Amino acid sequence: MRVTKYFESFMRKNKNTADEHWCTYLFFCVLRIVLVFIPQLGYVHPDEFFQSTEIFIGEHFQLEHIRSWEYNSTFPLRSVAVSQLTLKLPLNLLEILAVNLRGFFGIDIICSYTYLVFPRLVMCALSFVNDWSLYKVCQLYNLRYEIRLLALGSSHIMLIFGTRTFSNSIEMAITSVLLYLVAECMIHSNTVIYKREFLEERYEKADSIGEKVKIWKLKNALPTHNYNRLLLMSTLCVAGVFNRPTFLLFGAPMVFYWMLRGMGTKSVSFKHFNMRMGLFCLSAIPAILLFTLIDSFYYKYLTLGEIHMFQVSINNFVFTPWNFIKYNIDSDKTAQHGLHPRYIHLLVNIPLLYNVLGVITLVAFGQQMLRFFKAEYQGLPRAQSIVGLMSASIFAPVFFMSLINHQEPRFLIPFTFPIILLHSPKLVTGFCTAYPFKEDHPFLRFFYEKFLCSRASAKYLLKTWYTLNIALLIFFGFLHQSGVFPLTQHFETAMQNKAPDVNLHLITSHVYSFPLSFVNIPSTGLTRVNRRTGQKYRYRKDFYLYEYGSTDLYKLILKLKIIINHCETKQRLQKLRYHVYLAIPASLTDQLNQVVYKSNMTSIDYELTKVFYPHLSTEALPNPFGRHPCDVNTPKDDLKGTCQVFDGREDFLSVAYLSRQFSAFVHQFGLSLYRFELKRKSKSSAMV
């Protein structure tokens, strides 16, 4: 009776916990969608725009845009085949919707906000493929899906990277689907092989002809399993490689496990492994040809005219994955993007991306290596098990990717599925529920009792997981380089409201690359035709962008002088007025004023026109001991008229001084926009 009551109480407690995890997961799903529309202003990496939206939005809507060097027609490194499906097709639907809204309701939705949000909405929908794949695998193997979905949904990887237009996010979705397909094929093959071998034994032991006939019919009725999901898997692998050739490293362990399933039994031999490999390669050929044709047409290597005239040769085709590989195996070229030690992926990037689960993953891997070297092979996962598949899908790619000297955390986000599946239950159970080593060593026992056992760690792991993911969400989603998009919106409005004879010049420094397509300027490189008169025309270029990275401020001011001097000459000769703006992090405001003063720029006037909050540039971190903006800027730069005059004799420990210093520090989390112009009363107005 007591056992029954205890069992019922235990089951009721587990059900309540599962319901709580499920409801929390649904909350994070809603949050993922809401964060797309708010939207997140954080700017994770330039590739977020310049390998996707900047190219395809600029081309589709015929806007001024910056074409990344990777899309150079001479030696293209990036395929557009997958992007045509994930971005180009949805943009066509968006354009149809925009035309109808403009025609019937007079509502224009084509603006910078739409350019930012709509592609992210597409990526957000794609991100739920990861959730679906995880749920299906949990169902197949009878695993607890609530805590796993909760860990996946609450991860900043899904809330940020999952909704951003990174090729890595598409790679993560393809990896998740492929893992589900392989896991399904593994369990299906195991089931069919077990039934087949069972029926074969029964057939041999059967006494009567009738029983043998019955068993023979049952055996022939078993479904096939050798080549399940063959075409779908090969097509997904080709799509993954064309999207990002590093998928070769992620997909190889999964494809190997798909070919390996059933090996070692009576029904499956090494011949089947070779047959699967050969048919897999043959099944990939149609997708390879299709994607190669799409890229060849896009980069103008192949045209319909050449096909019509039968003037087609091998030089009319471009294979972008091979170009990508050739570029990245050259260490001198990859060094231009930054050099990193070989251990960065394993010891830094995995803990940074997955925090608690990253540490658990590394500890579990170390534990397996220790068991292997101590010859405790029974404690290792079986080669053809789901644990073996997921472990190989993590550490085999990590090993090979660590050989590349340029390593970024986002390269590892396809690991999300296997890490969550293997280790997320430990967020509520602790690292280990039992002593994991065969021998009782004093140091290992102490380490287990203090850090690994459920009693010591379970109470804090889930809270730590939430805290760190929320902190990373705030940092990358709403703080890091988050003034860049509002800056594009500001100039979108400025371009719409300016006079026709005015040119705008924007100089940026110590910020990420400026997505020019968001300014919504019609392309000046395209020839257009007036439908009424048939006359051809082009738009005049009236917006100029100068990006100087992390250039020294003295050199930056020198370049700014040259630009103003050129604009003055153009104004005299062509009667074109101009406005010159400089956008830099607010943390450099004090330094900028000092440089301007030391440069003796007596003929140039400048003022602060706007500050975009919040904004944090790691290239120019705020100084906690910096001066307050009211002490740095001139009175006319006080945008809201809130500056108070201090005589500088306050007590350093007074509340007024500390609060003012704190205010000075907070004000540095912004992106300042300055306007520079010549003083018209100066005699040397033509020269700077």
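Residue pairs exceeding 32 angstrom between C-alpha atoms, taken from Lys536/Lys561; Lys536/Lys575; Lys300/Lys333: Lys536/Lys561. Counting other Cβ atoms within 10 Å as a rough exposure proxy, the listed residues Glu204, Glu59 run Glu204, Glu59 from fewest neighbours to most. A simple count of charges around Phe518, restricted to other residues whose Cβ falls under 14 Å of its Cβ and scoring Lys, Arg +1 and Asp, Glu -1, yields -3. Residues Glu547, Glu95, ranked from the fewest to the most other C-beta atoms within 10 Å, line up as Glu95, Glu547.
Compute the distance from the alpha-carbon center of the stretch 516-572 to that of the stretch 335-367, in whole Å. First find each Cα centre; the distance between them is then 43 Å. Couplings for the stretch 336-344, taken from phi via the Karplus curve 6.51 cos²θ - 1.76 cosθ + 1.60 with θ = phi - 60°, read 5, 9, x, 9, 9, x, 5, 8, 4 Hz in order; Gly and Pro are left as x. Under the criterion of Cα pairs below 8 Å and six or more residues apart, the relative contact order for the chain equals 15 percent. Rounded to the nearest whole Hz, the Karplus-based 3J(HN,Hα) values (6.51 cos²θ - 1.76 cosθ + 1.60, θ = phi - 60°) of the stretch 75-87 follow the sequence 9, x, 9, 10, 7, 9, 4, 6, 5, 4, 7, 7, 10, with x at glycine and proline. Ranked for footprinting exposure by Cβ neighbours inside 10 Å, fewest first, Phe431, Phe365, Phe250 give Phe365, Phe431, Phe250.
Each Lys or Arg adds one and each Asp or Glu subtracts one; over the other residues with Cβ under 15 Å from the Cβ of His490, this totals +2. Of the beta bridges in the chain, as assigned by DSSP with both residues counted there, near 55 percent are antiparallel. Restricting attention to the stretch 484-678, close to 55% of DSSP beta bridges with both partner residues there are antiparallel. Computed from backbone phi with θ = phi - 60° and the Karplus coefficients 6.51, -1.76 and 1.60, the 3J(HN,Hα) list for the stretch 24-32 is 5, 4, 4, 4, 5, 5, 5, 4, 4 Hz; x is used for glycine and proline. For the chain, the dipole from Cβ point charges (+1 on Lys and Arg, -1 on Asp and Glu) about the Cα centre works out to 820 debye, to the nearest 20.
On a 0 to 90 degree scale, rounded to 10, what angle separates helix 350-373 from the longest Cα axis of the chain? So the helix axis and the longest Cα principal axis differ by about 30 degrees.
We did not get these values from a lab; they are worked out from the coordinates using the rules stated. In this text, all values refer to a predicted model and were calculated from it rather than measured experimentally. Please note: Cβ atoms are built from the backbone with ideal geometry, for glycine as well, and neighbour counts cover all protein chains shown.
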